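The values are calculated or read from the model by the stated rules, or taken from the named source; none is laboratory data. Nothing here was measured: the structure is a model prediction, and the numbers come from that model. Here the Cβ positions follow ideal geometry from the backbone for every residue, glycine too, while neighbour counts run over all protein chains shown. With ligands, DNA and RNA removed, areas are computed over all heavy atoms of the protein, side chains included. Shrake-Rupley method; radii C 1.70, N 1.55, O 1.52, S 1.80 Å.
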Amino acid sequence: MKKINPWGAVTAALGLVTAVGARTFLRPCAHEDGSVSACAGAGEWLLWLGILTVAAGVLLALASGKSARVVLSAAAVGLGILTLLAPGTLTPICAMASMRCRMVTRPGALVLGVLTAACGAVSLITGLTAKRKKS
């Protein structure tokens, strides 16, 4: 029976929370008149980064080779860093401190990005230091 990498499963779950959150509880500001807000791009970044993180996490959970796990773990670290940088650094967010993108979206992306990068880093370290089993 194939062993599933638990860090990959956690990474996939964090990516799912990021992707779903980008459209629900973490969504950036919405204007009443239907116009696009300055922070709308942050929501798009979070959605796509979440989808990519789910894919990387699932592949990491199912990967059997050491090199594949190392590469996918490094990808998870990178995706986590991009997630925490998306609102405010990679894309602009609203200037007012009381806006939703500053109070909800940015802190949520920061927490999810740090957790994703940490899971990827633990998986990367575990993959690099794992001894090869003799059959």
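Here are a few things to note about the model shown:
- Considering (1) in a helix (DSSP H, G or I); (2) more than 30 Å from K131 (Cβ to Cβ), the lone condition that A38 does not fulfil carries the number (1).
- Residue list for segment 67-92, restricted to those being crowded, with 18+ Cβ neighbours inside 10 Å and closer than 18 Å to A19 by Cα: A75, A76, V77, L79, G80, L82, T83, L84, A86, P87, G88, T91
- With respect to the conditions (1) open to solvent by less than 50 Å² (accessible area, probe 1.4 Å); (2) hydroxyl-bearing (S, T, Y); (3) within 25 Å of L128 (Cα to Cα), S64 lacks only one, and its number is (1).
- Residue in segment 4-33 that is surrounded by the fewest Cβ atoms within 10 Å (Cβ to Cβ), counting only those that are in a helix (DSSP H, G or I) and without any contact (Cβ under 8 Å) to a residue 40 or more places away in the chain: R23
- Residue ID - modelled with the lowest pLDDT, chosen from residues in segment 112-133 that are closer than 30 Å to R27 by Cβ and polar (S, T, N, Q): S123
- For segment 41-61, the set of residues classified as open to solvent by 10 Å² or more (accessible area, probe 1.4 Å), among the small types (G, A, S) and within 17 Å of R106 (Cβ to Cβ) consists of G41 only.
- Residues satisfying the stated conditions in segment 99-130, i.e. part of a loop (DSSP other than H, G, I, E, B) and either more than 21 Å from L62 (Cβ to Cβ) or among the β-branched types (V, I, T) (or both): M99
- Test: residue in segment 56-65 that is of a type outside the set (D, E), more than 15 Å from the chain's Cα centre (by Cα), on the phi > 0 side of the Ramachandran plot and modelled with pLDDT under 95: no
- The requirement of being more than 13 Å from the chain's Cα centre (by Cα), without any contact (Cβ under 8 Å) to a residue 12 or more places away in the chain and surrounded by 16 or more Cβ atoms within 10 Å (Cβ to Cβ) is not satisfied by V36.
- Count - residues of segment 112-135 that are surrounded by fewer than 14 Cβ atoms within 10 Å (Cβ to Cβ) and either among the hydrophobic types (A, V, I, L, M, F, W, C) or touching a helix residue (DSSP H, G or I) at 6+ places or on another chain (Cβ under 8 Å) (or both): 4
- For segment 57-98, a residue qualifies if it is more than 21 Å from E44 (Cβ to Cβ), outside any loop (DSSP other than H, G, I, E, B) and among the small types (G, A, S), and the qualifying residues are A61, S67, A68, S73, A74.
- Restricting attention to segment 93-111 and to residues that are buried (at least 17 other Cβ atoms within 10 Å of the Cβ) and out of contact with any Phe, Trp or Tyr (no Cβ under 9 Å at 6 or more places or on another chain), the residue that is nearest to T24 (Cα to Cα) turns out to be T105.
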